[in-house]
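Working notes, beginning with the structure itself.
The values are calculated or read from the model by the stated rules, or taken from the named source; none is laboratory data. What you see is a predicted model; the values in this text were computed from it and never measured. Cβ placement follows ideal geometry from the backbone for every residue including glycine, while neighbour counts extend to all protein chains displayed. Accessible surface is based on the protein model in full, side chains and every heavy atom, while ligands, DNA and RNA are left aside. Shrake-Rupley method; radii C 1.70, N 1.55, O 1.52, S 1.80 Å.
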Amino acid sequence: MDNNGSQEMNVPVEGVAGGGTAYGFNDSEPLKKSTDPSEVPTADLVNVWCMPNTVNVGSQETPRPLEPINLLAARNERESFQIAMRPKVSWAASIPSGSVQVQCSDLCSSAGDRLVVGQSLKLRRVVPVLGVPDALVPLDLPVSQLSLLPGETSVIWVSIDVPNGQPPGQYEGEIIVSAMKTDGGCSAHLGKQEKDQLCMELNNCLDIMEPIEGKPMDEVVERIKCASSSLRRILFSPSFSEFISTNGSTDMMEEDVVSNLSLRIKLRLTVWEFIIPVTPSLPAVIGVSDTVIEDRFGIEHGSEEWYEKLDLHFKWLLQYRISPYFCKWGESMRVLTYTSPWPADHPKSDEYLSDPRLAAYAVPYRQVLAGDESRESYLRKEVEILRSKPHWNKAYFYLWDEPLNMEHFDNVRKMASEIYAYAPDARVLTTYYCGPGDAPLAPTPFESFVKVPNLLRHHTQIYCTSEWVLGNREDLVKDILEELQTEKGEQWWTYICLGPSDPHPNWHLGMRGTQQRAVMWRVWKEGGTGFLYWGANCYEKATVPSAEVKFRRGLPPGDGVLYYPGEVFSSSSEPVASLRLERLLSGLQDYEYLKLYESKYGREEAMGLLEKTGVYMGPERYTLEHRPIDVLRGEVYNTCRP
């Protein structure tokens, strides 16, 4: 991404949809008049319309009427929608049909409160992966410029984050789309001499402002005046003349950029009193492979850069209401999992594990970094420190993934016994989809699966079962729960991975948006108290940050991958989210809406609401359209407001 100019996607992601064939380009009759964007309304050059966040808007999506956007959001919630654009004609001499400029305003209430562009309101371009819209690449704000291809629909993902303390009310704003001339001297293409001059002057501003800490107030004021003078000189230089209106205003939303030919999308957001809990009601623990990070970024395990990279991923993922854990796979599905790469007595560990956004954290069974200390000594020390902390109730040990035979189950029991020697109140989590194959616990495979708690009792507290085992038989949940001793602290969590497959809820690439969002509807309806997903960055090995992203062979596309390396799309090191990760977040927010409704009217009434709105009846019966979701959320809003 070129932050100074037109933002085009030429991305080395395996299977990115090509385009440029111009099939379907005859979307309208050719204009009989000028196609100069300075003379013709943008609406005559480009089809622009909006779509819900559960729709996969492909490159051949046909235009629809443009309507105002009306959204509902609680505080501490993210709500989103999509803007689709498809050129009617070409107004550029080169291959792209032309460029459009997209500009956002703050959302303002009648009381003067604001949701600020760049902080609360963000834009990302939807980029296809294997021909399916999935990657969300950040765009510049408040103004972005995009090139449109003939015969193709381009999509922007708009998200609004409402802070905890945002005053409730109606907020209004607009997003303005303007077709742009592509010829002429654009200031985005500066010569080397101009760039050097700008760079020098901006560096001078930094030199003036950076050493102000601890300085006397009069000196600080003088430095600010000096820096302001320098910045004003830069803004009024010839390089930026096209952005400066005749009255001296530098507001990018003024007439020099936006004219009466522009197309305006009206946006209204209702912010209501409910605050989505900072600590998620449902612990959703999701793995991040440290090996994948080490290989792709060429960093040594335990190096300073390694800590920095893990820290970046951990903090970035917290915004999605998930509790990340780092993992390294061993022999026979033995797995080393840890939420903090630092030892328990390090200040960073306390910072990580005390974060209220973290609902659960993994404690490593052995050292994350090899050292002279014995495993037993290390484990004892870690547990003693963590048990003294108020966040110990969030701790769990995840030791083995999907044990298959008695040797595996025996290893889980042995490792758990070592942990209990130092922490009798520790929680061990075990994922499984079957009983031991070499020593059946019951006559049928399902009955053997149900009896696993009898085999692991006193060695596992969190029984995490695959949704694949249940198929479409929700009634089988009661068989699982009957084997658990919940009164003694045993919990039932669920997970998805390779299965279940279509039409059941999962996060595979190409599944319907409502199908991906339904993962959390299913968890709520079945009554699980936690959720696990095996990997968020588990693509094929690469040794260059910007290398082509490939999904692992033998797995459904998208399985184990919920975000992409930022370097694949631009010079930014910030990870790039997938649509599926955004829908995971939406599902977790829906979970909180259902919990709120249940707290006021009881579980039976909440179950009835989920079904009567048509949102979710079962793993093969859920809405394919977005409207029932809005109806459910609206009903919670109308009945649960103070």
Relative packing of 516-529, 45-58, which averages over residues the other C-beta atoms within 10 Å, highest first: 516-529, 45-58
Theoretical FRET efficiency, 1/(1+(r/R0)^6), r = Cβ-Cβ of S388 and L261, R0 56 Å, to 0.05: 0.25
Environment charge at H508 (Cβ cut-off 10 Å; Lys +1, Arg +1, Asp -1, Glu -1): -1
Under-5 Å amide H pairs with V561, H placed in peptide plane, nonlocal only: C538
Residue among G558, F569, L610 farthest towards the positive dipole end of the stretch 500-642, charges placed on Cβ: L610
For peptides 171-180, 613-622, sequence by mean Cβ density within 10 Å, most packed first: 171-180, 613-622
Separation of alpha-carbon centers, the stretch 140-182 and the stretch 546-578, rounded to whole Å: 24 Å
Euclidean distance between Cα centres, the stretch 83-121 to the stretch 487-528, Å: 35 Å
Per-pair calculated FRET efficiency, R0 = 45 Å: Q170 and L312 via Cβ, rounded to 0.05: 0.75
Nonlocal amide H pairs with K88, under 5 Å, H built at 1.01 Å: V46, N47
Whole-Hz ³J(HN,Hα) from phi, Karplus 6.51 cos²θ - 1.76 cosθ + 1.60, for the stretch 120-128, glycine and proline x: 9, 9, 9, 10, 9, 8, 7, 10, x
Nonlocal amide H pairs with K550, under 5 Å, H built at 1.01 Å: E540
Segments 106-112, 463-469 sorted - mean Cβ within 10 Å per residue, highest first: 463-469, 106-112
Sum of side-chain charges, E418 neighbourhood, beta-carbon under 11 Å (Lys, Arg +1; Asp, Glu -1): +4
Heavy-atom SASA rank of T279, T270, T430 (probe 1.4 Å, accessible area, largest first): T279, T270, T430
Counted charge near A344, where neighbours are those whose Cβ lies closer than 9 Å (Asp, Glu -1; Lys, Arg +1): -2
